[in-house]
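Input: a single structure, listed below in structure tokens.
The values are calculated or read from the model by the stated rules, or taken from the named source; none is laboratory data. Just so you know, these numbers come straight off a predicted model, no measurement behind them. Quick reminder, even Gly has a Cβ in these numbers, built from the backbone with ideal geometry, and neighbours come from all protein chains shown.
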């Protein structure tokens, strides 16, 4: 199995703590003995230090965190590094499940500690099978595209430049690779637009240094993958200032052409390279050049019709939009799984593959998913 499809294992490895030693031993057993072809080990210290290789490994991968104690250092660092924790294990919880295996020792574990590590490794291996061998079929999200969000400021010519440049990219330069994100709908709480900007790379095109489009994207969905400001483009190219909000002058048309060309170039880069939503920058090597084939003119696509399934639920009274929740619930329903605690935990694990679950909020998410899935299941029974 290639590294791109491997499950990443991150143990806390707490120095001076028996439970930390158990987490490390369990990780080694999984990596070296139980599932060597399906897993990749990432050192927690490398994530803490900001190592780009370690962060690239967890970004976009299914990651299993093994924590020694309730501080959950491994889980927190994976999330802080832009990764998603597909499943977290706590050694303390494992000991509660296996009271006969009392661990002791730090440099070397006693027999109880080794048995506990083995039991935990077996549990993790089972979860890896679920994640990698098709026992859990995850819903497919739409083909990767790049979102373009333009400020479209009506009061200035540069705003008109952003709108026309975005449309040029969407309709003629890269019609098959881009969708437009409507800024007013985005600000008004459009679930489809916000979900798209959270799950896919987005380019913000602003008219001036107020950067309304970029700031809105970062506030509601995450840092945009790239950002262009028309006034910067005009200055760098030595163009005359654009004029005319309804009908641009020649300088404005030149700014449209240059801005659109830059956006199209960024689209190509984003489709060929991985990027970190946390940092809003590329995280891998230079892209492989790909020849650009002009596409036939088509109608610009819109993120609100991008096909990303989302549903908003109340988490401790706060509305949170969860990507892929509807098809995940459908899969469980079709499998005949009733709203039991086991089903809700399974649903949470699947939801976490598509959405970041903040540290310390798992119980709140479980409560919300319990209510949501129970209502969903009730609708089925009402129909039947």
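For residues in region 347-366 being free of Cβ contacts under 8 Å to residues at least 40 places away in the same chain and closer than 20 Å to residue 377 by Cβ, which is surrounded by the fewest Cβ atoms within 10 Å (Cβ to Cβ)?
Looking at residues that are free of Cβ contacts under 8 Å to residues at least 40 places away in the same chain and closer than 20 Å to residue 377 by Cβ, I get 366.
Per-residue answers, yes or no, for (1) crowded, with 17+ Cβ neighbours inside 10 Å; (2) at pLDDT 70 or above:
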| site | (1), (2) |
| --- | --- |
| 140 | no, no |
| 144 | no, no |
| 155 | no, yes |
| 161 | yes, yes |
| 166 | yes, yes |
| 180 | yes, yes |
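Sort through 30, 8, 42 and tell me the only one that's crowded, with 18+ Cβ neighbours inside 10 Å and free of Cβ contacts under 8 Å to residues at least 60 places away in the same chain.
Result: 42 is the single residue among 30, 8, 42 that is crowded, with 18+ Cβ neighbours inside 10 Å and free of Cβ contacts under 8 Å to residues at least 60 places away in the same chain.
Can you find a residue in region 325-333 that is modelled with pLDDT under 85, touching a strand residue (DSSP E or B) at 6+ places or on another chain (Cβ under 8 Å) and not in a loop (DSSP other than H, G, I, E, B)?
No, region 325-333 contains no residue that is modelled with pLDDT under 85, touching a strand residue (DSSP E or B) at 6+ places or on another chain (Cβ under 8 Å) and not in a loop (DSSP other than H, G, I, E, B).
Pairs please, first residue from region 144-170 and at positive phi, second anywhere and assigned to a helix (DSSP H, G or I), Cβ atoms under 7 Å, 6+ apart in sequence or on different chains.
Final answer for the pair search is 152/159; 152/162; 152/163; 152/183.
Return the residues of region 239-273 that are within 22 Å of the chain's Cα centre (by Cα) and either modelled with pLDDT of 90 or more or loosely packed, with under 15 Cβ neighbours inside 10 Å (or both); say none if nothing qualifies.
266, 267, 272
Filter region 51-96 down to the residues that are more than 18 Å from residue 19 (Cβ to Cβ) and without any contact (Cβ under 8 Å) to a residue 24 or more places away in the chain, then identify the one that is surrounded by the most Cβ atoms within 10 Å (Cβ to Cβ).
Filtering region 51-96 for residues that are more than 18 Å from residue 19 (Cβ to Cβ) and without any contact (Cβ under 8 Å) to a residue 24 or more places away in the chain, the one surrounded by the most Cβ atoms within 10 Å (Cβ to Cβ) comes out as 51.
Hey, any hits in region 214-226 for a residue that's within 17 Å of residue 168 (Cα to Cα), in contact (Cβ under 8 Å) with a residue 60 or more places away in the chain, buried (at least 20 other Cβ atoms within 10 Å of the Cβ) and touching a helix residue (DSSP H, G or I) at 6+ places or on another chain (Cβ under 9 Å)?
Within region 214-226, not a single residue is within 17 Å of residue 168 (Cα to Cα), in contact (Cβ under 8 Å) with a residue 60 or more places away in the chain, buried (at least 20 other Cβ atoms within 10 Å of the Cβ) and touching a helix residue (DSSP H, G or I) at 6+ places or on another chain (Cβ under 9 Å).
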